[in-house]
Amino acid sequence: FARAAETKKSRYTMQYEGNSEVHLDDLCAGDPFLKARMDMILQERVYPLVRAAFSEEAGSGGDEPPMGPLCVYDSIFVRYNGDTAKAAGRLGASQPLHQDGGIYSVNIALNAHQDDDDKGFTGGGTFLEALTVGNGDHVQRPIAPGHAIIHKTTQRHAGAPTTSGVRDILVIFLTARRPEMANNDEITWGIERAMRLQSIGKELQRDKLIPSLRLARQNDPTNSEVPYWLGVHLIQGDMNDPSDERWEEICEGVESLSMSTLLNPADARAHYHLGMALSARHKYAMRTKRAHLLPSAKEAAESLIKAFETAISLEGKCVQAGCENGINLAAAFLALGDFMGRLKNFDKAIYYLNQVEDTLGQAGDMDKTWAHAMLQEVNSMLDYCKDESAKKNEASLVIR
């Protein structure tokens, strides 16, 4: 770590205050004994354990481990210094939600938590997004130094904030070599090809980005991240273009985001953007005289409410763990209020619009310029909805 302090470059770890890393291959290059010992640990412990774990999962309907021999894609020692992070004004030393490279991630604890050792670190652990669905503990730690957490690299996860002391881990990213009898359908190639296409796509203009993501989806139809980004970029096109091609893009964007939520029901971002996409599709259809192509008002309202309320619930758990996605929950309530107003359900519109100010306050965003503009829009909509609600109530009294 002393060596790494002089060159803070990384392919993986976000270089926040309190985070540092050393690549294992850099250490092994100058230490033949360490290399021999790591090779032994990999061959005798890590590879058999990973195969056993994921062979068992395959028996429950998951993918079989690759036929080719497992090997190291990359490996890093990571140090989270909670005290340094706190001194810099952070909640703790952490990593945001992300996916890894390769096909399997092995996270080995190198020192003890305070629960097991009075001198250990506090906080920390691996935040596993999938565990936010339900009431279980979504931050997991190996039971002791030398033990590990293993997961697929496509499983979104984060380094939960280490709030004091130092947490050291060794992370090994595994892939597989091509077997002698190569199988083109083997999962390894599709997973890694999809990840590369997704990474390449981020550097491309929209006209090339979308085909790149569509190709990535063909290579790995199980990775929720691909339809998520495809849906986001499809919706972000020109909303003033009334063409059939643009309408088809918007509809594909809604379908893609819906697929992402099915593949990963725990992704608050996917639910949030699905709600935004449903709202955008409704507005676009009304403006371009395609209302007859929309679902019924009841179905549309149910889908929108489910998407946003799921996003709000899941993001709350992420925020509580210090691993938030950073989605704008106030905008979710505003979109819900706007949509309910368009459906002339003014009481529900008022209910959702009233949540916007509280949500901005809880997020600490009240002083921001965009928040002031949002509140002005909310107040205008509230005035309109209250007037319309009063008219409806008066009309119902007259009829009676």
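The values are calculated or read from the model by the stated rules, or taken from the named source; none is laboratory data. Not measured: the values here are computed from a predicted model. Don't worry about glycine lacking a Cβ; one is built from the backbone with ideal geometry, like all the others, and counts go over all protein chains shown. Surface accessibility is based on the protein's heavy atoms, side chains included, excluding ligands, DNA and RNA. Shrake-Rupley method; radii C 1.70, N 1.55, O 1.52, S 1.80 Å.
Annotation: Cα Rg of the stretch 269-383 relative to the compact-globule expectation 2.2 N^0.38 Å equals 1.08. Entry comment: accessible area of the chain is 52 Å² per residue, from protein heavy atoms only and a probe of 1.4 Å. The angle between the Cα long axis of helix 32-41 and the longest principal axis of the Cα atoms of the chain comes to about 60 degrees, rounded to the nearest 10.
Using only the alpha carbons of the stretch 328-400, what is the convex hull's orientation-averaged projected area in square nanometres? Intermediate values should be presented prior to the final figure.
Numbers: hull surface 18.6 nm².
One quarter of the hull surface, i.e. the mean projection, equals 4.6 nm².
Expressed as a whole percentage, what fraction of the accessible surface of the stretch 187-293 belongs to carbon and sulfur atoms when a 1.4 Å probe is rolled over the protein heavy atoms? Summing carbon and sulfur atoms, their accessible area is 55 percent of the total for the stretch 187-293.
Past the 19 angstrom mark, what percentage of all C-alpha to C-alpha distances in the stretch 45-202 do you count? Every Cα pair in the stretch 45-202 considered, those over 19 Å come to 59 percent. Remark: the Cα gyration tensor places the stretch 243-283 in the oblate category, a/c being 1.5 or greater and a/b not exceeding b/c. Computed on the Cα atoms alone, the convex hull of the stretch 132-286 gives a volume of 173 cubic angstrom per residue. For the chain, the Cβ-based charge dipole about the Cα centre amounts to some 560 debye (Lys, Arg positive; Asp, Glu negative; other atoms uncharged). Using a probe of 1.4 Å on the protein chains alone, the accessible area found for D207 is around 110 Å².
Taking Cα atoms only, the orientation of helix 369-399 departs from the longest principal axis of the chain by about 40 degrees.
Take E64, E302 and sort them by solvent-accessible surface of the protein heavy atoms, 1.4 Å probe, largest at the top. Don't skip to the end; give the middle numbers.
On the way: E64 120, E302 100 Å².
Ranking E64, E302 by accessible area, largest first, yields E64, E302.
When Rg and the Kirkwood radius Rh are both evaluated on Cα atoms of the stretch 246-325, their ratio Rg/Rh stands at 1.04. In the neighborhood of L230, defined by Cβ-to-Cβ distances under 15 Å, what is the net charge if each Lys or Arg adds +1 and each Asp or Glu adds -1? Summing Lys and Arg as +1 and Asp and Glu as -1 gives -2. Computed from label points 7 Å out along Cα-Cβ, the spacing between R342 and D39 is 6.3 nm.
In units of the rule-of-thumb radius 2.2 N^0.38 Å, the chain shows an alpha carbon radius of gyration of 1.15.
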